[in-house]
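Quick note: the coordinates plus some simple rules give every number you see, no bench work behind them. Please read these numbers as outputs of a predicted model, since none were measured by experiment. Heads up, the Cβs are rebuilt from the backbone with ideal geometry, glycines too, and the neighbour counts pull from every protein chain shown.
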Ligand SMILES: Cc1ncc(COP(=O)(O)O)c(C=O)c1O
């Protein structure tokens, strides 16, 4: 039997992700990778030093299953300090292998085959895979272009008697939308009315710009007992490769997530745990500076994209920006992204791969701006070549040669 025929049905759609495909293309063509969302600078020095010291000091064996107590305390204290939410570090906090594991473990812990999970569409790619692994059914509620707003009526209509959970990501990847108080109040009202669980993916909680404010759903009336709050150190502290995440919730909810987590990975990254604990306790100033720098980078990339004829949707959170690529002569973002590395040496991610309703995402492309200023500038210079090529094509179409152009 061919080895691909051995694959279980439940993993058939979990093929190579678009991120892997585009990152490989970036390498092969030596392109600037504005596709995958990882920063090109590291987190605070004191955090990196702490991890080095932990390795040198012998913190290299299995840590406690729920995470070391200083980290669980730091996670609980962070929730109290920033949002006024109180969690017991012993029974209401679980350290995981990135937010990805917390999400997978929560979905596997609560979703039975055939049950529905409502999620904001476009979806971060691990949601679709995890819901499928659990045998659940995802139901998308659109944050659709051009303004990517939550439609409250569509959300209310998405509930059925099979709805088990809501999976809410704000700040939202890939649109950069930060749900506002009215959106969150409506989500909370519907969750309570339908008595469903809510899983919140808050990995971009600190990456918010302008006057946007991240408000955890767990703080809304009726939500604390039904919400699993998930976040991680990756985005906040520029350490996406460390994969230290966490889940917060009532002891019952966290026990269920822990039961799954222990058989996925058992424990998570021992030497990184004390370092992340320190970053959570002492890193607020570093995070504030990093957020201000990201806001400048957002503005820099937005201005650059405008110069090449792409009008960006300005994100209020995350480090992603979206554009409609039709002004550059493409109807399809996948086609655009597959051509881009060869044509001008830049990589972006097509929105389409985050949608069930592929049509809704077809013309949009996502650009990551968590990169050095000179990298962003060089990307814009390269993108400018698309216009030069187009101008030449126009000249050719008029029957003249490029040499005729003054
Ligand atoms: C919305 C969202 N959730 C979760 C993750 C994964 O987080 P982690 O690296 O902590 O597993 C990402 C990473 O890009 C993301 O964008």
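In a GNM of the chain with a 10 Å cut-off on Cα contacts, which of 258, 160, 96 has the highest mean-square fluctuation?
It is 160.
Need one number: nm distance between label points at residue 4 and residue 41, each 7 Å from Cα along Cα→Cβ, rounded to one decimal.
That separation, rounded to one decimal, is 4.3 nm.
Between segment 166-190 and segment 85-128, how many Å separate their Cα centres?
Measuring centre to centre over Cα atoms gives 16 Å.
Classify the chain from the C-alpha gyration tensor, please: rounded if a/c falls under 1.5, else prolate or oblate depending on whether a/b exceeds b/c.
Values: a/c = 1.76, a/b = 1.46, b/c = 1.20.
Here the chain falls in the prolate category.
What number, in percent, do you get for the relative contact order of the chain if the mean sequence gap of Cα pairs under 8 Å and at least 6 apart is divided by its residue count? Mind showing how you got there, number by number?
Values: 802 pairs, mean separation 92.7, N = 406.
Relative contact order for the chain comes out at 23 percent.
Gap in Å between the Cα centre of segment 227-249 and the Cα centre of segment 256-280?
If we compute the Cα centre of each part, the gap is 10 Å.
Of all beta bridges DSSP finds with both residues in the chain, what is the antiparallel percent, to the nearest 5?
Values: 21 of 42 bridges.
Percent antiparallel among DSSP bridges in the chain is about 50.
In whole angstrom, note down how far apart the Cα centers of segment 15-69 and segment 298-350 are.
Rounded to whole Å, the Cα centres lie 25 Å apart.
Fewest first, what order do 6, 286, 367 take by the number of other Cβ atoms within 10 Å?
Working: 6 7, 286 18, 367 26.
Lowest count first: 6, 286, 367.
Taking other Cβ within 10 Å of each residue's Cβ, how do 320, 209 sort, fewest first? Display every interim value, and only then the final one.
Working: 320 25, 209 21.
Listed from fewest to most nearby Cβ atoms, that is 209, 320.
Using only the Cα atoms of segment 326-395, build the gyration tensor, take square roots of its eigenvalues as a ≥ b ≥ c, and label the shape rounded, prolate or oblate: rounded if a/c is under 1.5, else prolate if a/b is larger than b/c, else oblate.
Working: a/c = 2.62, a/b = 1.21, b/c = 2.17.
Because a/c hits 1.5 or more and a/b fails to exceed b/c, segment 326-395 counts as oblate.
Taking Cα atoms, how many degrees apart are the long axis of helix 333-344 and the longest axis of the chain, rounded to 10 and kept between 0 and 90?
Orientation of helix 333-344: about 60 degrees from the principal axis.
Would you calculate a helix-derived [θ] at 222 nm for the chain, using -39,500 (n - 2.57) for each DSSP H run of n ≥ 4 and dividing by the full residue count, to the nearest 500?
Working: 14 runs with 174 residues, N = 406.
Calculated from helices alone, the mean residue ellipticity at 222 nm is -13500 deg cm²/dmol.
Going by alpha carbons, how many degrees (0 to 90, nearest 10) lie between the helix axis of 373-397 and the longest principal axis of the chain?
40
Going by alpha carbons, how many degrees (0 to 90, nearest 10) lie between the helix axis of 45-56 and the longest principal axis of the chain?
Between helix and principal axis, roughly 60 degrees.
For residue 356 and residue 314 in the same chain, what is the full-extension length gain: residue separation times 0.36 nm, less their Cα-Cα distance, in nm? Walk me through the numbers on the way to the answer.
Working: separation 42, 0.36 × 42 = 15.12 nm, distance 2.37 nm.
Full-extension gain reported as 12.8 nm.
What is segment 88-219 by shape, rounded, prolate or oblate, if you read a ≥ b ≥ c off the alpha carbon gyration tensor as root eigenvalues and call it rounded for a/c under 1.5, prolate for a/b larger than b/c, and oblate otherwise?
Working: a/c = 1.42, a/b = 1.11, b/c = 1.28.
Taking the square roots of the gyration eigenvalues as a ≥ b ≥ c, segment 88-219 is rounded.
By per-residue mean of other Cβ atoms within 10 Å, what is the highest-first order of 330-342, 291-303? It would help to have the intermediate numbers written out before the result.
Working: 330-342: 18.5, 291-303: 16.9.
Ranking the peptides 330-342, 291-303 by packing returns 330-342, 291-303.
For segment 313-366, go through all pairs of different Cα atoms, get the mean of 1/r, take its inverse, and jot down that Kirkwood value in Å. Don't jump to the answer; show the numbers that get you there.
Details: mean 1/r = 0.0879 Å⁻¹.
The answer is 11.4 Å.
For the ranges 79-88, 378-387, what's the packing order if you count other beta-carbon atoms within 10 Å of each residue, average per peptide, and put the highest first?
On the way: 79-88: 15.1, 378-387: 18.4.
Most protected by this proxy first, the peptides run 378-387, 79-88.
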